[in-house]
Structures are given as structure tokens and as C-alpha cells.
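> Here's a structure for you.
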Amino acid sequence: MEARLNPFTTPVLSKVLKHVTAAGRVLTESTLPLSTQELVKLRASQINGCGFCTDMHFKDAVHAGESAERLNLVAVWREATVFTDAERAALELTEEATRIADAAGGVPDGVWANAAKYYDEEQLGTLVGAIALINAFNRANVMLAMPAGDYQPGQFG
């Protein structure tokens, strides 16, 4: 399988992705646990059907020490007992924000309030940034039909 367009060699798109990637690096400086950030990226990628990002964030999370059991249960986090209440709040926020077009009123106040019980302002800002960025990456990769399976942890920096 081959992508419809190579995002790394297309002049304008490669510049755009360079900036989006740089924005993503800022998130790693946050106090929001990297494990939570990877769970969020994985869940949004699953919802959006982005095989490339699902592969990437599963592998990056395993490489960072996350258990395969927890990662396997991200898609069914509501029924899984392996997530903390804070992680569950982050996953709920991720789902609501990723499915924003499906909700007439956007992200419900109760979902935001639940996340705010566990995360401070900086961490909430990081969640917003991470969810927005992964959705942008997902949409680009799905449009380009980027193939999944060949990603190696740390491949992009």
C-alpha cells in the first residue's frame, strides 16, 4: 500500500506538518502525564479510523512502558477497570471533542467539568492541544491513505 501523496516531499504540506509537529513537541513539556497524552492520541486515532496514527501511538506508548493490556482496552475504556478516574475523564473529553460534529452543542459542560476535577489549567490546555493536534494529524493521514504497520518508535523525533 502506498500513500496518495508523500507528505514529507510535498513542499507546502511538509512545511505545515513541520509546524504541527513542533506544536506537538510543546505538549511533552507539560505536567500532563505522557501516558495520558498517548492514551488520548490513541483513542482519537481509533475513532477517526487513522491506522497510521493508531499504529504510531500504540508503539510509542509501549516503548514508553505502557502495558499492552491497557492499550488494548482503550477502545472500550468505559467497560475497562484498568484506567484511573483521571484517565477516564481525559478519554471522555477526547471522544466528545473528536466527535464534535455529532453533538449539536459541542463538548458538554459536564464532560469539561469532570476533566477539570482531575487536571489543572495547564493540563487542561495540554489536553485541548493534544486532542486538536491528533485530530489534525488523523484527518491528514486518512485523506492521504497513509499505510499503517511500519512505524518504529521515535521515528519522527
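> Among the residues of the stretch 50-64, how many are within 14 Å of residue 37 (Cα to Cα) and either hydrophobic (A, V, I, L, M, F, W, C) or without any contact (Cβ under 8 Å) to a residue 12 or more places away in the chain (or both)?
6
> In addition: Can you work out which of the residues in the stretch 25-49 that are in contact (Cβ under 8 Å) with a residue 12 or more places away in the chain and charged (D, E, K, R) is farthest from residue 95 (Cα to Cα)? Walk me through it before giving the result.
In the first step, residues of the stretch 25-49 are kept if they are in contact (Cβ under 8 Å) with a residue 12 or more places away in the chain; the result is 25-27, 30-32, 34-49.
Narrowing the set further to residues that are charged (D, E, K, R) leaves 25, 38, 41, 43.
Details: 25: 22, 38: 14, 41: 11, 43: 7 Å.
Only one residue tops the list, namely 25.
> Hey, another quick one. Would you please name the residue that is farthest from residue 151 (Cα to Cα), looking only at residues in the stretch 92-118 that are within 17 Å of the chain's Cα centre (by Cα) and not β-branched (Val, Ile, Thr)?
First, the residues of the stretch 92-118 that are within 17 Å of the chain's Cα centre (by Cα): 92-100, 107, 115.
Narrowing the set further to residues that are not β-branched (Val, Ile, Thr) leaves 92-93, 95-97, 99, 115.
On the way: 92: 27, 93: 27, 95: 24, 96: 28, 97: 26, 99: 26, 115: 31 Å.
Out of the qualifying residues, it is 115.
> Could I ask something else about it? Find the residue count for the stretch 101-144, including only residues that are among the charged types (D, E, K, R) and touching a residue at least 12 places away in the same chain (Cβ under 8 Å). Spell out how you get there, then give the answer.
So in the stretch 101-144, the residues among the charged types (D, E, K, R) come out as 102, 109, 117, 120-122, 139.
After this cut, where a residue has to be touching a residue at least 12 places away in the same chain (Cβ under 8 Å) as well, the list is 117, 120, 122, 139.
Residues meeting the conditions: 4.
> Somewhere in the stretch 91-101, is a residue out of contact with any strand residue (DSSP E or B) (no Cβ under 7 Å at 6 or more places or on another chain), in a loop (DSSP other than H, G, I, E, B) and either among the hydroxyl-bearing types (Ser, Thr, Tyr) or over 18 Å from residue 137 (Cβ atoms) (or both)?
No, the stretch 91-101 contains no residue that is out of contact with any strand residue (DSSP E or B) (no Cβ under 7 Å at 6 or more places or on another chain), in a loop (DSSP other than H, G, I, E, B) and either among the hydroxyl-bearing types (Ser, Thr, Tyr) or over 18 Å from residue 137 (Cβ atoms) (or both).
> Answer yes if at least one residue in the stretch 50-68 is at pLDDT below 95, in a helix (DSSP H, G or I) and either among the acidic types (Asp, Glu) or touching a strand residue (DSSP E or B) at 6+ places or on another chain (Cβ under 7 Å) (or both), and no otherwise.
Yes.
> Quick one: residue 89 ticks every box in (1) surrounded by 21 or more Cβ atoms within 10 Å (Cβ to Cβ); (2) under 13 Å from the mean Cα position of the chain (by Cα); (3) modelled with pLDDT of 95 or more bar one, so which box is it?
Status for residue 89: all satisfied but (2).
> Output the number of the condition that residue 83 fails; it satisfies all remaining conditions of (1) surrounded by 13 or more Cβ atoms within 10 Å (Cβ to Cβ); (2) part of a helix (DSSP H, G or I).
Condition (2) is where residue 83 drops out.
> Restricting to the stretch 92-106, give me the number of residues that are at pLDDT 95 or above and hydrophobic (A, V, I, L, M, F, W, C).
2
The values are calculated or read from the model by the stated rules, or taken from the named source; none is laboratory data. The structure presented is a predicted model; accordingly, all values stated were derived computationally and were not measured. Note: ideal-geometry Cβ built from the backbone for every residue, glycine included; neighbour counts use all protein chains shown.
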